[in-house]
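Student: Got a structure for you, questions after.
The values are calculated or read from the model by the stated rules, or taken from the named source; none is laboratory data. The shown structure was predicted, so the numbers you read here are calculated from the model rather than taken from an experiment. Counting neighbours? That spans all protein chains shown, and the Cβs are built from the backbone with ideal geometry, glycine included. Note: areas computed on protein heavy atoms with side chains; ligands, DNA, RNA excluded. Shrake-Rupley method; radii C 1.70, N 1.55, O 1.52, S 1.80 Å.
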Amino acid sequence: MATKESRKMAIEKIIEKYNEGYGIVVVVSAIGRKGDPYATDTFLDLINQEILDKRDIDLLISCGEIVSSVLLSNEIKERGYNTCVFTGIQAGILTDNNFGEASILEINPTSLIESLERGNINIVAGFQGGTNDMEITTLGRGGSDISAVALGRAINCEKVEIFTDVDGVMTGDPNMIPKARLLKTMSFYEVYQLAKEGAKIIHPKAIEIALENNIPIVIKNTFTNSDGTILKAFNSSSCKKKEESLRKRLVSSLTYQQNRVQVKILNNNINKVKETLEEIVKEKISLDFFDLSKNTFVFNVNINNSKRLKKILDNNSLDYEIIPDCSKISIVGKNLCDNPEALLRILDVFYHNKIEIFQISASHDSIWCLINQKDLESSLNLIHDEFKLYEES
Ligand SMILES: Nc1ncnc2c1ncn2[C@@H]1O[C@H](COP(=O)(O)OP(=O)(O)O)[C@@H](O)[C@H]1O
Ligand SMILES: N[C@@H](CC(=O)OP(=O)(O)O)C(=O)O
């Protein structure tokens, strides 16, 4: 949605589908990124988020998607097609009142269906809904994907196509890893893992809804004619073979999260740690990658929460160390605990390239490494090369 040029590419795709006879509901995100007029982060930079009510913040940031939906409608109308624009509430999206991270309770798609029956191209402002009291809410960052899949379920759609700025789900972020390769078919589960671990390509809640309701999703590039990545459930016979071959690989893809801060509580007293955790829970600060052992409690938080966290730790007179500017790499694969070969190869990569590791841990399906932010790009490329993810399996 960022420029008239890029909107033109999106409009071509919309009109093509419309002319093929599809009923169309387009869900739009806000225009551009931080600094661009009407981008979500640009709105957030205008205010003091620490003092403003979450309700009022939602009111402000919901405007980005309203602006882009009306703009898109205008540009489609200029091409001679009838459109109808909806805010989240107008599209019937009812949420709870957890401002900033609201959950969709139900959708009443009556107006949307009537408009579809009238032959309009329908444009819905993504990332938002409303409560029973007509309060506007937002669904959490990246939430337009949630709107799209939830609306798709409500109108019983044939499929949801997510258009983004890369060719689909890839073996790693192509903006970081030039050799990243498109994964043509993925299971919901694998993409869910990637999305949970920070790959922005699709919101994990969108995958949950699609999986529960068996809604096919395709992730595609707005700017190319690439076929994209098809996401399907595992038992679907058409893609089972491909998924099995993917799953045979020890490692299938990589992702990362930047702006992490590692916190190490030393010489801990378990009661004090418990009391501190209670405060952290009350403050809704999410902890990641935590490991509580006899003498230390290690975890990491997003940099945006580090000020509030430090206050809690200081108030509880805890002895702690902080490493700022960390990044977390997640290596997604299969049976990674049963088979420690992947861990060994990753350790070798870090060791031979003199990259310091702050923390490393694994689950069945992922290995997580916390490193210095400055080593992120080189580490991603080295691990991608080590597992030859650029090669078709
Ligand atoms: N494994 C991956 N495959 C593809 N893209 C990825 C992956 N990991 C991270 N990304 C990032 O996700 C971005 C797309 O997400 P996002 O910027 O939120 O898209 P949009 O604004 O279109 O919703 C890409 O530009 C890419 O940098
Ligand atoms: N505009 C919102 C919602 C969204 O879906 O964004 P994006 O599609 O750019 O991830 C945000 O920035 O969080």
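Student: Could you list, in sequence order, all residues of region 338-393 that are in a loop (DSSP other than H, G, I, E, B) and basic (K, R)?
Tutor: Across region 338-393, the qualifying residues are K354, K388.
Student: Restricting attention to region 193-226, and to residues there that are over 21 Å from M176 (Cβ atoms) and open to solvent by 40 Å² or more (accessible area, probe 1.4 Å), which single residue is nearest to ligand 2 (Cβ to nearest atom)?
Tutor: K205
Student: Which of the residues spanning region 181-235 are under 27 Å from M9 (Cα atoms), among the small types (G, A, S) and touching a helix residue (DSSP H, G or I) at 6+ places or on another chain (Cβ under 9 Å)?
Tutor: Correct list: A195, A199, A206, A210.
Student: Being open to solvent by less than 10 Å² (accessible area, probe 1.4 Å), in contact with a Leu (Cβ under 8 Å, 6 or more places away or on another chain), over 19 Å from V26 (Cα atoms) and not β-branched (V, I, T) is the requirement here; does G172 meet it?
Tutor: yes
Student: Search region 353-383 for residues being crowded, with 18+ Cβ neighbours inside 10 Å and of a type in the set (V, I, T), and hand back the single one that is nearest to L194 (Cα to Cα).
Tutor: Selected residue: I367.
Student: Let me ask something else. Out of K274, K284, K294, I need the residue that is open to solvent by 70 Å² or more (accessible area, probe 1.4 Å), in the same structural domain as S327 (by TED's automatic domain parsing) and within 20 Å of G100 (Cα to Cα). Which one?
Tutor: Going through K274, K284, K294 in turn, just one is open to solvent by 70 Å² or more (accessible area, probe 1.4 Å), in the same structural domain as S327 (by TED's automatic domain parsing) and within 20 Å of G100 (Cα to Cα): K284.
Student: Continuing with the same structure: Anything in region 1-29 that is small (G, A, S) and part of a helix (DSSP H, G or I)? List them, or say none.
Tutor: S6, A10
Student: Hey, can you tell me all the residues within region 105-136 that are open to solvent by 10 Å² or more (accessible area, probe 1.4 Å) and part of a strand (DSSP E or B)?
Tutor: L105, E106, I107, I136, listed by residue number.
Student: Consider L60 against the criteria (1) open to solvent by 20 Å² or more (accessible area, probe 1.4 Å); (2) outside any loop (DSSP other than H, G, I, E, B); (3) under 26 Å from V166 (Cα atoms): it satisfies all of them except one. Which criterion is unmet?
Tutor: Tallying (1) open to solvent by 20 Å² or more (accessible area, probe 1.4 Å); (2) outside any loop (DSSP other than H, G, I, E, B); (3) under 26 Å from V166 (Cα atoms), L60 fails exactly one: (3).
Student: Inside region 348-393, can you point out the residues that are over 28 Å from I303 (Cβ atoms) and charged (D, E, K, R)?
Tutor: Selection gives D348, D385, E386, K388, E391, E392.
Student: From the list N19, N97, exactly one residue is assigned by TED's automatic domain parsing to the domain that holds T138, more than 16 Å from ligand 2 (Cβ to nearest atom) and within 22 Å of the chain's Cα centre (by Cα). Which is it?
Tutor: Of N19, N97, the one residue that is assigned by TED's automatic domain parsing to the domain that holds T138, more than 16 Å from ligand 2 (Cβ to nearest atom) and within 22 Å of the chain's Cα centre (by Cα) is N97.
Student: Let me ask something additional. Report yes if T138 is more than 12 Å from ligand 1 (Cβ to nearest atom) and either under 29 Å from L59 (Cβ atoms) or touching a Lys or Arg at 6+ places or on another chain (Cβ under 9 Å) (or both), otherwise no.
Tutor: For T138, the condition - more than 12 Å from ligand 1 (Cβ to nearest atom) and either under 29 Å from L59 (Cβ atoms) or touching a Lys or Arg at 6+ places or on another chain (Cβ under 9 Å) (or both) - is met.
Student: On to the next question. For region 172-258, which fully contained strands (runs of 3 or more DSSP E) count at least 1 residues that are modelled with pLDDT of 95 or more and over 24 Å from I346 (Cα atoms)?
Tutor: In region 172-258, 217-221, 229-232 are the strands (runs of 3 or more DSSP E) which contain 1 or more residues that are modelled with pLDDT of 95 or more and over 24 Å from I346 (Cα atoms).
Student: Sticking with this structure for a sec: What do you reckon, is L52 in a strand (DSSP E or B), open to solvent by 50 Å² or more (accessible area, probe 1.4 Å) and without any contact (Cβ under 8 Å) to a residue 12 or more places away in the chain?
Tutor: In short, no.
Student: Just the residues that are out of contact with any Ser or Thr (no Cβ under 7 Å at 6 or more places or on another chain) and part of a helix (DSSP H, G or I), please, taken from region 69-87.
Tutor: Matches in region 69-87: S69, V70, L71, L72, N74, E75.
Student: Among the listed residues K34, K13, identify the single one that is within 16 Å of ligand 1 (Cβ to nearest atom), assigned by TED's automatic domain parsing to the domain that holds S144, closer than 18 Å to F163 by Cα and open to solvent by 40 Å² or more (accessible area, probe 1.4 Å).
Tutor: K13
Student: The conditions are (1) assigned to a strand (DSSP E or B); (2) away from ligand 2 (no atom under 16 Å from the Cβ), and I162 fails exactly one of them. Which is it?
Tutor: Unmet for I162, out of (1) assigned to a strand (DSSP E or B); (2) away from ligand 2 (no atom under 16 Å from the Cβ): (2).
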